[in-house]
Amino acid sequence: MLEFVGIFMSITAAILFGMAIILQKHSMKKMEKFSVLKLLRNGTWIISILISAAGILFYLAAIRFYSVSSVQPIVTLATVIPVIVGPLVFKEKLSGEKWLAILLVIIGIMAVIY
């Protein structure tokens, strides 16, 4: 039962981290010229930082209930989420090679977990 809780917490952390990356990209697209002060006043960017913080809390809970050797591969899904969502949100192109890479990452994560 505790393993299930750890897996759930890991997946939730990955989703939160991935969402935060999407929001950070969105907030950067709004800026014409990069400025730390503008970034600190950008509500979307602030929300992305709060979402990242929530992801950290879920990650910490996950490693409390499940082995870090299983949690960490699950959390790496955070790198896959923006790659999949990017084309939908930002109209970015995703090549066949990138889709293959995403599939291989997911297969690799499954192999490590099980």
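Would you confirm, using the coordinates I've provided, whether ILE113 is more than 15 Å from the chain's Cα centre (by Cα), β-branched (Val, Ile, Thr) and surrounded by fewer than 17 Cβ atoms within 10 Å (Cβ to Cβ)?
Yes, satisfied.
Surrounded by fewer than 13 Cβ atoms within 10 Å (Cβ to Cβ) and in a helix (DSSP H, G or I): does that describe LEU57?
For LEU57, the condition - surrounded by fewer than 13 Cβ atoms within 10 Å (Cβ to Cβ) and in a helix (DSSP H, G or I) - is not met.
Pull out all pairs, ordered by first then second residue, where Cβ-Cβ is under 9 Å, the residues are six or more apart or on different chains, the first lies in the range 90-114 and is without any contact (Cβ under 8 Å) to a residue 40 or more places away in the chain, and the second is of a type in the set (Phe, Trp, Tyr).
Within 9 Å, no pair qualifies.
Quickly run through the range 82-93 and pick out the residues that are surrounded by 17 or more Cβ atoms within 10 Å (Cβ to Cβ) and either of a type in the set (Ser, Thr, Tyr) or closer than 14 Å to LEU104 by Cα (or both).
Result: VAL83, single match.
Can you say whether LYS25 is outside any helix (DSSP H, G or I), over 28 Å from MET1 (Cα atoms) and either within 14 Å of the chain's Cα centre (by Cα) or of a type in the set (Lys, Arg) (or both), as far as the supplied structure shows?
When the stated conditions are applied, LYS25 does not pass them.
When only residues in the range 11-47 that are modelled with pLDDT of 95 or more and of a type in the set (Gly, Ala, Ser) count, which is farthest from VAL89 (Cα to Cα)?
Step by step, filter the range 11-47, then rank; the result is ALA13.
The values are calculated or read from the model by the stated rules, or taken from the named source; none is laboratory data. Keep in mind it's a predicted model, so treat the numbers as computed, not measured. Here the Cβ is made from the backbone with ideal geometry for all residues, glycine too, and neighbour counts use every protein chain on show.
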